[in-house]
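The values are calculated or read from the model by the stated rules, or taken from the named source; none is laboratory data. Treat the numbers as computed from the prediction; the structure is a model and nothing was measured. We place every Cβ from the backbone using ideal geometry, glycine too, and count neighbours over all the protein chains shown. Ligands, DNA and RNA are excluded from the accessible area calculation, which covers all protein heavy atoms including side chains. Shrake-Rupley method; radii C 1.70, N 1.55, O 1.52, S 1.80 Å.
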Amino acid sequence: MLTLYAYTFRSRAERILWLLNELGLEHQVIRTTPREIKKFNPLGKVPAIEHNGVLYTESLAIMEYLVSLTSRADLIPFDGKEIYEFRNFIYYLLSEVESYLWVAQQASSLKAFYTWPEGTYAESILRVTNNIKPLYSQLSSSGYICSCFTIADIYAYHVFTWAQSHGLMLPESVLEYLKNLEKRSSFPTEMKSLA
C-alpha cells in the first residue's frame, strides 16, 4: 500500500491524491502539520509518499513514478511533438509561475518568522501575472493541455487555482477548463475544500 503524507491544509500533496484516485491505486493519507512532518519525512516537506519502504518526494517526480506503476501510459505522452509540448508546458509552469507563487506564499505567510525585502510579495505576483498568460493559449481543442488528460492537467489545475487564491483573474476559457477538470470522477474534493 502507498502512504501519502500531506498537510492538514491544501498543498502540493493534493496533486498526488488526485493522481492516486485517477490510477485507482490503494493508498492511505496521513495528514500532518509543518511542525510534525519531519516525523515522516526528514526533508520536512510534503508531498512525500512511501511505497515498499522507500520514501519519494517532489510532486512531479512522484507523479511520474506512480504512472510507472500502472499501465496508464496515456497520462504521460510519448509521441515526439506531444511529449515536447507536455514537457515544455510543465517546465515553464514550474520555473516561471510556480516558483514565484511559492515566494509570494512564503512572503505573505511567514512574515512572523522571516523579514522579506520590501515589495517581495507584489513583485512575485506581478511575475506570476505576466508569466502565466502565454499558457492560456496552450489548452488544446481536446480541452486538455495535450490531446487527452495527463498529469500536466493535474499540475496546471493546482497552479492556476493557487494563482487565483492570490487574486489573479483568469480568462473565461481557463475557468471553463478548470471546471471541466473538476468534473472528473477522480477529482479530490480536498483540492477545493482545504483552506
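Candidate cross-link partners of K45 among the aspartates and glutamates, defined by an alpha-carbon separation under 15 Å and a same-chain spacing of 8 or more, comprise E14, E36, E58.
Taking a straight line from the alpha carbon of K81, these lysines sit under 30 Å away, with near neighbours fewer than eight places off in the same chain left out: K133, K179, K183. Of all DSSP-defined beta bridges confined to segment 3-84, some 60% are antiparallel rather than parallel. In the context of the full set of protein chains, residues of the chain present 51 Å² of accessible surface per residue (probe radius 1.4 Å, heavy atoms only).
Using only side-chain charges placed at the Cβ, +1 for Lys and Arg and -1 for Asp and Glu, the dipole size of the chain relative to its Cα centre rounds to 520 debye.
Dipole of the chain computed with +1 at Lys/Arg Cβ and -1 at Asp/Glu Cβ about the Cα centre; of L135, A61, I145, farthest Cα towards the positive end is A61.
Averaging Cα coordinates gives a centre for segment 106-151 and one for segment 1-56; these two points are 23 Å apart.
When only the Cβ of Lys, Arg, Asp and Glu is charged (+1, +1, -1, -1), the dipole of segment 24-104 relative to its Cα centre reaches about 440 debye. As a fraction of the 1.4 Å probe accessible area of segment 33-192, surface on carbon and sulfur atoms comes out at 56 percent. Legend: Rg and Dmax of the chain, from Cα coordinates, 16.8, 49 Å. In segment 37-96, if every C-alpha pair distance is counted and binned at 10 Å from zero, what percent goes to each bin? Bins of 10 Å from zero give 19, 40, 30, 10, 0 percent of pairs. Restricting the calculation to Cα atoms, segment 97-195 yields a radius of gyration followed by a Dmax of 14.8, 46 Å.
Annotation: the antiparallel percentage among DSSP beta bridges lying fully within the chain is about 55.
Per residue, the convex hull spanned by the Cα atoms of segment 59-124 amounts to 98 cubic angstrom.
Each Lys and Arg Cβ is given +1 and each Asp and Glu Cβ -1; about its Cα centre, segment 149-195 then shows a dipole of about 100 debye.
The simple spin-label model puts a point 7 Å past each Cα toward its Cβ; for Y65 and K81 those points are separated by 3.4 nm.
Could you please report the charge total around I145, scoring K, R as +1 and D, E as -1 over all other residues with beta-carbon less than 10 angstrom from its beta-carbon? Charge balance near I145 sits at -3. Computed extension length for N88-E176: 29.4 nm, one decimal, from 0.36 nm per residue of separation with the Cα-Cα distance subtracted.
Between L25 and E118, the FRET efficiency estimated from the beta carbon spacing at R0 = 35 angstrom works out to 0.15.
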